[in-house]
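The values are calculated or read from the model by the stated rules, or taken from the named source; none is laboratory data. None of the values given here were measured: they were computed from a predicted structure. Note that we place each Cβ from the backbone using ideal geometry, even for glycine, and neighbour counts take in every protein chain shown. Areas reflect the complete protein model, heavy atoms only, side chains present, ligands, DNA and RNA absent. Shrake-Rupley method; radii C 1.70, N 1.55, O 1.52, S 1.80 Å.
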Amino acid sequence: MKSSEPGRGWLLRLVIAFSFTQGAVSMARPAVSYRALALGADARAVGVIAGIYALLPLFAAVPLGRRTDHGRCAPLLPIGVALIATGCTFSGTAGSLPAMAAWSGVMGLGHLSFVIGAQSIVARQSAPDEQDRNFGHFTIGASLGQLIGPIAAGLVVSEHDGAMARTSAVALFVSAALAAFSCTSLWRIERRPAGTAATPAKEAPARKVSVRSILTTRGVASGMFISLAVLSATDILTAYLPVVGEQRGISPAVVGVLLSLRAAATVACRLAMTPMIRLMGRTVLMAVSCLGAALLCAGIALPVPAWALGVLLAGLGFCLGVGQPLSMTTVVQAAPEGARSTALALRLTGNRLGQVAAPASAGVLAGVAGTAAPFVMLGGLLLISAGIAVRPLRGRPATDPGGARPAPGERRTEGTSASRSAGHPPR
C-alpha cells in the first residue's frame, strides 16, 4: 500500500515546519555576517565563521543517519529546533569572533539534525514514483525560508549611526523565536502506512551496510557532488552578498531583497519541476541547470548595478532549485536497502564538507583577489557538476524514453521489485 493513501497532511506540516526553521537560519546567517563585521571581522574572518557553521555537522551526520536507519526519525526534529534557537540566541549575545564561530557551529548542528530527520521521513513515507515530487515539495519549505529570512534580516539590521552590532543581535533573537515557532507544526509527522508491521530496525537487522559500500554504489557519489556544489553556491551567496553589498554601496535592506529574489526563483523552479522532468528528463535537467548556474554565478563577479545583480540572482536561483531535490532522489534510489538514511546523511556530510571548505576557500580568495573571486570559483565548481550530471547519458540505450530516470533509479527498480517479492512493502 502506498504511504500517500492516508493523505499527505504529514508532508504539508513538514514543509511548514521546515519553512520556519530554514527561515530562522536564513535570517540568522546574514545577521551573523553583519554582526561579525560590526565586531571588526574582515572578509576572511566572515568566511571562517561561515565554515564553522558546517564543522560540527561534518562529524555528526553519519552517526545520526545510522541511528535513523534503525529507529524513528521524528525525534531529531525538535532536537534540531532547540539547537538552532540556542545557537541564534547566543550568537546575538557573543562579544567576540571565536564565540560567534562556536555558536554558529551549534546552529549548524541543529539544522543538520532537523534536515536528516525530515529527509528520512520523506524517503521512508514516499513511494518510489512519488519521490521526485515529494522531495521537490519538501525543498519548497527551504526556499520559502530562504525567501523570508534575508528580507527580515535586511529590515531589522541597520548600519546607521553605528547600530549594526545592536540590530544584528536583535535579528538573531528574532531568528531564535522563528525557529521555536516551527514546533507548532511538528505533530503526527511520522507514521507507518496501514499493514506495515515491521519497524526500520526489524526490516534489515542482519547487516550494517558500510560507508564504503554506500559511497561506491553507482549514483551516490555523483549525487553527493552535485548537491555539494549547489549548496556551496547558495551558502556563499548568503554569506558573501552582504560583503559585496558593503563594497558596492548596496544597503542591507536591498541585499536582503536580492537574496530573497533568488529564493523566490528557486520556489518557482520547484513548483515547475515535475513538468520539466517530463519534458527534459532528470539527467538532462540536472546538467542544464548546473551549466546555467555556473555561467550566472560567474556573472555575479562583474561590477554590475543592483538591478542587473537582481536579474542574475533570479536566474541563478531558478537554476539552483533543481540540484537539491533531484540529488536526494538519486541518492535514495541508488542506496542499498536499510541504509537510505545513512546515504542521505552522507550526502549531507558532503554538503557540510563543502560548507566548510567553500567559505574558507572563498575567504582566502577574497582576501587575495577581492570579493568577486569566490563567485568565479563557484562557477568552476558548478561547471564540473554539469559534466558529472551528464555522464549517465553516455551509453544509454536508444530505447530509453527520454531519460526520465537516471541509471541509479533504474537499478533501484530491480531492488524494489525484489523487496516486494520478499514481502517488504516499498517505503
Check: How about the stretch 240-280: which of its residues are among the small types (Gly, Ala, Ser), in a helix (DSSP H, G or I) and either modelled with pLDDT of 85 or more or touching a Pro at 6+ places or on another chain (Cβ under 6 Å) (or both)?
Finding: Gly256, Ser260, Ala264, Ala265, Ala268
Note to self: Name the residue that is modelled with the lowest pLDDT, counting only residues in the stretch 66-123 that are among the polar types (S, T, N, Q) and over 21 Å from Val48 (Cα atoms).
What the structure shows: Thr68
Margin query: For Leu155, only one of the following conditions fails: (1) open to solvent by less than 50 Å² (accessible area, probe 1.4 Å); (2) over 19 Å from the mean Cα position of the chain (by Cα); (3) over 10 Å from Tyr34 (Cα atoms); (4) not basic (Lys, Arg). What is its number?
Written below: (1)
Next item on the list: May I ask you to verify whether Leu215 is under 24 Å from the mean Cα position of the chain (by Cα), closer than 23 Å to Leu83 by Cα and either at pLDDT 85 or above or open to solvent by 20 Å² or more (accessible area, probe 1.4 Å) (or both)?
Entry: no
Check: Of the residues in the stretch 281-304, how many are open to solvent by 10 Å² or more (accessible area, probe 1.4 Å) and at pLDDT below 85?
Finding: 5
Notebook entry, point to check: Out of all the residues in the stretch 162-179, is one or more part of a helix (DSSP H, G or I), of a type in the set (Lys, Arg) and touching a residue at least 24 places away in the same chain (Cβ under 8 Å)?
Noted result: no
Item checked: Residue that is modelled with the lowest pLDDT [pool: residues in the stretch 168-212 that are farther than 22 Å from Phe114 by Cα and crowded, with 19+ Cβ neighbours inside 10 Å] -> Val209
Checklist line | Candidates Leu353, Leu348, filtered to the one that is open to solvent by 10 Å² or more (accessible area, probe 1.4 Å), of a type in the set (A, V, I, L, M), part of a helix (DSSP H, G or I) and within 22 Å of Gly51 (Cα to Cα) | finding: Leu353
Notebook entry, point to check: Looking at the stretch 1-48, which of the residues that are under 14 Å from Val122 (Cα atoms) and in a loop (DSSP other than H, G, I, E, B) is modelled with the highest pLDDT?
Noted result: Arg8
Next item on the list: Would you mind stating whether Ala60 is part of a helix (DSSP H, G or I), of a type in the set (Gly, Ala, Ser), crowded, with 21+ Cβ neighbours inside 10 Å and under 19 Å from the mean Cα position of the chain (by Cα)?
Entry: no
